[in-house]
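Q: There's a structure below that I have some questions on.
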């Protein structure tokens, strides 16, 4: 029975990874979609968002801990990267000196993050498929 619990534990861990990577994919897509928004309802340019992960730790009976997956700790604004400033006096959001602040979104960086998130999602999906195949084999052996 312990082997079955380990099998389902592995499936749960892979599922938490897929769920967390899905949030990262959605966040990157939002960043790309807002890469040219110079004025939000707050009156500032769009600020890039980043996803922070944290491990899901499970207490063991012996007092230790074991990794039980990953989850999103927070989706927060990137306040470290400055806005891009461009001199364009004809832009409707230009200041009195003609400067426009654009979002701190670098689309090349976002595409690289998107590819990384997609690969991580696919790796978790392949792990999940592997666990399903093992479970199917185990059921066939029990027949």
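Q: Out of the residues in the range 44-77 that are outside any strand (DSSP E or B) and in contact with a helix residue (DSSP H, G or I) (Cβ under 9 Å, 6 or more places away or on another chain), state the one that is surrounded by the most Cβ atoms within 10 Å (Cβ to Cβ).
A: First, pick out the residues of the range 44-77 that are outside any strand (DSSP E or B): 44-48, 60-64.
Right, trim to in contact with a helix residue (DSSP H, G or I) (Cβ under 9 Å, 6 or more places away or on another chain) and you get 46, 48.
Details: 46: 22, 48: 24.
Ranking the qualifying residues of the range 44-77, first place goes to 48.
Q: Output yes when any residue across the range 22-32 is outside any helix (DSSP H, G or I) and under 30 Å from residue 94 (Cβ atoms), and no when none is.
A: no
Q: Identify, from the list 119, 133, the residue that is on the phi < 0 side of the Ramachandran plot and modelled with pLDDT of 95 or more.
A: Values: 133 fails: modelled with pLDDT of 95 or more.
On inspection, the qualifying residue turns out to be 119.
Q: Next question. When only residues in the range 17-43 that are loosely packed, with under 14 Cβ neighbours inside 10 Å and farther than 20 Å from residue 119 by Cβ count, which is modelled with the highest pLDDT?
A: 33
Q: Here is a follow-up. How many residues are free of Cβ contacts under 8 Å to residues at least 60 places away in the same chain and under 19 Å from the mean Cα position of the chain (by Cα) when one looks only at the range 20-47?
A: First, the residues of the range 20-47 that are free of Cβ contacts under 8 Å to residues at least 60 places away in the same chain: 20, 23, 26-27, 30, 33, 39-47.
Right, trim to under 19 Å from the mean Cα position of the chain (by Cα) and you get 20, 23, 26-27, 30, 33, 46-47.
Within the range 20-47, residues that are free of Cβ contacts under 8 Å to residues at least 60 places away in the same chain and under 19 Å from the mean Cα position of the chain (by Cα) number 8.
Q: Within the range 78-95, can you find the residues that are part of a loop (DSSP other than H, G, I, E, B) and either in contact with a strand residue (DSSP E or B) (Cβ under 6 Å, 6 or more places away or on another chain) or free of Cβ contacts under 8 Å to residues at least 24 places away in the same chain (or both)?
A: To start, the set of residues in the range 78-95 that are part of a loop (DSSP other than H, G, I, E, B) comprises 78-83, 88-95.
Listed by number, the residues that qualify are 78, 80, 82, 83, 88, 89, 90, 91, 92, 93, 94, 95.
Q: From the list 125, 114, 139, which residue is more than 26 Å from the chain's Cα centre (by Cα) and in a helix (DSSP H, G or I)?
A: Values: 125 fails: more than 26 Å from the chain's Cα centre (by Cα); 114 fails: more than 26 Å from the chain's Cα centre (by Cα).
On inspection, the qualifying residue turns out to be 139.
The values are calculated or read from the model by the stated rules, or taken from the named source; none is laboratory data. If you're wondering where the values come from, they're calculated on a predicted model, not measured in any experiment. Cβ sites come from the backbone with ideal geometry, for glycine too, and all protein chains shown count toward neighbours.
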